[in-house]
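The values are calculated or read from the model by the stated rules, or taken from the named source; none is laboratory data. Note that this is a predicted model, so its numbers are computed, not measured. Glycine also receives a Cβ, built like all others from the backbone with ideal geometry; neighbour counts cover every protein chain displayed. Note: accessible area is taken over every heavy atom of the protein model, side chains too, but ligands, DNA and RNA are not part of it. Shrake-Rupley method; radii C 1.70, N 1.55, O 1.52, S 1.80 Å.
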Amino acid sequence: MFEQSLNLRRVKPSATGAAAAKARALRAQGRDVISLDAGEPDFDTPDNIKEAAIRAIREGKTKYTDIDGTPELKVAICGKFARENGLTYSPAQVNVSPGGKPVIYNAMVASLNPGDEVVIPTPYWVSYPDMVLMAGGEPVFAPTSAEQGFKLKPEDLEAAITPATRWLILNSPSNPSGAAYTRAELKALADVLLRHPQVWILTDDMYEHLVFGDFVFTTIAQVEPALYERTLTMNGVSKAYAMTGWRIGYAAGPEPLITAMRKVMSQSTSNPSSISQWAATEALNGPQTFIKPNAAVFEARRDLVVSMLNQAKGLKCPTPEGAFYVYPSCEGLIGRTAPGGRKIETDQDFTEALLDAEGVSAVFGGAFGLSPFFRISYATSNALLEDACARIQRFCAVLD
Ligand SMILES: Cc1ncc(COP(=O)(O)O)c(C=O)c1O
């Protein structure tokens, strides 16, 4: 009989993937389901990027490349970090992996020993703790709250750090809360980190370009140059350029870490798709005109969803600074009963009853390590968002 490895038994499958699969299955049975569970833009990849990929195929750029990225893409990534983040990296400090997810995984595999701790603020992106576990490390959770805008406070970071701490994972703007750290907030965390030289920082900046109003995005190695030597600044083309299916993520950091990550890839995935790398090179070097109008569309959707959810009885929805998620509290509905007699005792009961009653698929907060909340992805059309939020209002109103 097949048995999973002891290490893999510590890991759970992605809850967001499971929610999306359940919604798809219900739709296949003929149910009218609106999916607010997926973490991908509903826009198409811009044409100049598609054309670059087609050109690469025609020109025969279809062979193995350097394991952790073509020289051309690495130069484009160095250009992006200099232009947008004021960070100077050389191509030898750059890793390109098949998606943002493998960048993080490769960094964990390259650096963790059994017992090493990784501090992860809650609510977190579902994959961080399980990637740490797969790499043999131990996630340590540092709590935040809605009152503090789901942002880690310096004293809570300090309390989570031990001599065994190897990494802090920061994610701004955040999946699932949409919260983004200001420069001053990052500086306050950096001041704690300066006192703990054993702690490296992995900053996941995937949603950098989705910030709203006059919010200014900054990243920690830029805010505190003294941390540059122990920061892995990670990003990717998936969200910014609507390229989730192309599978290109990247990071820059100290060369010994990048060399170790290349060693992991050399014995596992080898290089990311050559064609996708040429597409990503065009995304970073080509016109950036797509980005601002794209963010404006998401900002209008955020405002719509926050407003409609705050009109739902018993829900409280903070206004996040970025990404395309909101993370409302359903605390006001815990203890209530749904029309079929189902008692709402947890946020998972809430999202399951909502799916049953109204066909709206959202992801329960327990999956992100902070309850009782749920995550809504508003990366879908205004018409569907209005319909979904009206259904949520109706559902909340009939709870007894
Ligand atoms: C915070 C965060 N980091 C990383 C990723 C992974 O991106 P990719 O699709 O490029 O692997 C995601 C995707 O949902 C994400 O939300």
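Estimated from the Cβ-Cβ distance and a Förster radius of 25 angstrom, the FRET efficiency linking THR337 and SER381 is about 0.15. What would the Debye formula give as log10 I(q)/I(0) at q = 0.15, 0.17, 0.25, 0.26 Å⁻¹ for the alpha-carbon point model of segment 314-363, no solvent? Rounded to two decimals, the profile gives -0.43, -0.54, -0.98, -1.03.
For the chain, averaging the sequence separation of C-alpha pairs within contact (under 8 Å, six or more residues apart) and dividing by the residue count gives a relative contact order of 22 percent. Normalised by the number of residues in segment 292-387, what is the relative contact order in percent for Cα pairs under 8 Å and 6+ residues apart? Reported relative contact order: 26 percent. Partners of LYS263 within straight-line reach, counting lysines whose Cα lies under 18 Å from its Cα and excluding those fewer than 8 residues away in the same chain: LYS74, LYS101. Karplus-derived 3J(HN,Hα) values for segment 173-178, using 6.51 cos²θ - 1.76 cosθ + 1.60 with θ = phi - 60°, are x, 8, 9, x, 8, x Hz; glycine and proline are entered as x.
Each residue of segment 220-236 was assigned a 3J(HN,Hα) from its phi angle through the Karplus curve 6.51 cos²θ - 1.76 cosθ + 1.60 (θ = phi - 60°); the sequence is 5, 5, 7, 6, 10, x, 5, 9, 3, 6, 9, 10, 9, 8, 10, 7, x Hz, with glycine and proline shown as x. Report the FRET efficiency, 1/(1 + (r/R0)^6), for GLU3 and LYS263, where r is their Cβ-Cβ distance and R0 is 35 Å, rounded to 0.05. Step by step, r from the Cβ atoms, then E = 0.75. Let me know the shape class of segment 267-312, please: from the alpha-carbon gyration tensor, a ≥ b ≥ c as square roots of the eigenvalues, rounded when a/c is under 1.5, otherwise prolate if a/b is greater than b/c, or oblate. Since a/c reaches 1.5 but b/c is at least a/b, the shape of segment 267-312 is classed as oblate.
Note on segment 57-176: with neighbouring protein chains present and a 1.4 Å probe, carbon and sulfur make up 57 percent of its accessible heavy-atom surface. What shape does segment 148-283 take by its C-alpha gyration tensor, where a ≥ b ≥ c are the square roots of the eigenvalues and a/c under 1.5 counts as rounded, a/b above b/c as prolate, and the rest as oblate? Oblate, because a/c is 1.5 or more while a/b does not exceed b/c. Note on segment 1-136: dipole from Cβ charges, positive end direction compared against CYS78, ASN95, MET134; the farthest Cα belongs to MET134. Annotation: amide H-H contacts under 5 Å for PHE150 (H modelled 1.01 Å from N, sequence separation of 5 or more, or interchain): SER145. Starting from the Cα of LYS153, draw a straight line to each of the lysines and keep only those under 21 Å, dropping any in the same chain fewer than 8 residues away. Within reach: LYS187. For the chain, adding -39500 (n - 2.57) for each run of n ≥ 4 DSSP H residues and dividing by the number of residues yields -12000 deg cm²/dmol at 222 nm. Legend: P(r) of segment 245-383 from all alpha carbon pair distances, 10 Å bins from 0, whole percents, reading 10, 27, 23, 22, 15, 3.
Would you please classify the overall shape of segment 1-82 from the alpha carbon gyration tensor, given that a ≥ b ≥ c denote the square roots of the eigenvalues, rounded means a/c under 1.5, and beyond that prolate means a/b larger than b/c while oblate covers the rest? Oblate shape, in that a/c is at least 1.5 and b/c is the bigger or equal ratio.
Extension gain for the segment ARG55 to ILE291, taken as residue separation times 0.36 nm less the Cα-Cα distance, is 82.7 nm to one decimal.
Karplus-derived 3J(HN,Hα) values for segment 364-370, using 6.51 cos²θ - 1.76 cosθ + 1.60 with θ = phi - 60°, are 6, x, x, 5, 10, x, 9 Hz; glycine and proline are entered as x. Once backbone amide H atoms are built at 1.01 Å from N, PHE374 has CYS330, GLY365 as its partners under 5 Å, excluding neighbours fewer than 5 places away on the same chain. Result for the chain in a Gaussian network model with C-alpha springs under 10 Å: among GLU358, GLU51, GLU282, the largest mean-square fluctuation is at GLU51. As a size descriptor, the averaged projected area of the C-alpha convex hull of segment 80-200 was calculated at 8.0 nm². What the Cα atoms of the chain give is an Rg and a Dmax of 21.1, 64 Å.
Rank ALA279, ALA190, PHE364 by how far each Cα sits towards the positive end of the charge dipole of the chain (+1 on Lys, Arg Cβ; -1 on Asp, Glu Cβ) and give me just the farthest. The residue sitting most towards the positive pole is ALA279.
A simple spin-label model places the labels of ALA226 and GLU255 2.5 nm from each other, with each point 7 Å out along Cα-to-Cβ. In a simple Cβ point-charge model (Lys, Arg +1; Asp, Glu -1; nothing else charged), segment 327-400 has a dipole of about 40 debye relative to its Cα centre. Ranked by solvent-accessible area (1.4 Å probe, protein heavy atoms only, all chains present), the residues ARG391, ARG10 order from largest to smallest as ARG10, ARG391. In this structure, the amide hydrogen of THR231, modeled 1.01 Å from its nitrogen in the peptide plane, lies closer than 5 angstrom to those of ILE201, counting only residues at least 5 positions away or on a different chain.
Computed with every protein chain present, the accessible area of TRP246 is close to 60 Å² [probe 1.4 Å]. Each residue was assigned an accessible area with a 1.4 Å probe, and for ARG394 the value is about 130 Å². Quick check: Cα centre of segment 89-106 to Cα centre of segment 228-255, how many Å? Between the Cα centre of segment 89-106 and that of segment 228-255, the gap is 6 Å.
Average accessible surface for the chain: 41 Å² per residue, computed with a 1.4 Å probe over protein heavy atoms with every protein chain in place. Just checking the listed ones, VAL11, VAL75, VAL237: in the Gaussian network model of the chain with Cα springs under 10 Å, the one fluctuating most is VAL11.
Each of PHE373, THR351, ALA159 was scored by the projection of its Cα onto the charge dipole of the chain, and the greatest displacement toward the positive side belongs to THR351; charges sit on the C-beta of Lys, Arg, Asp and Glu.
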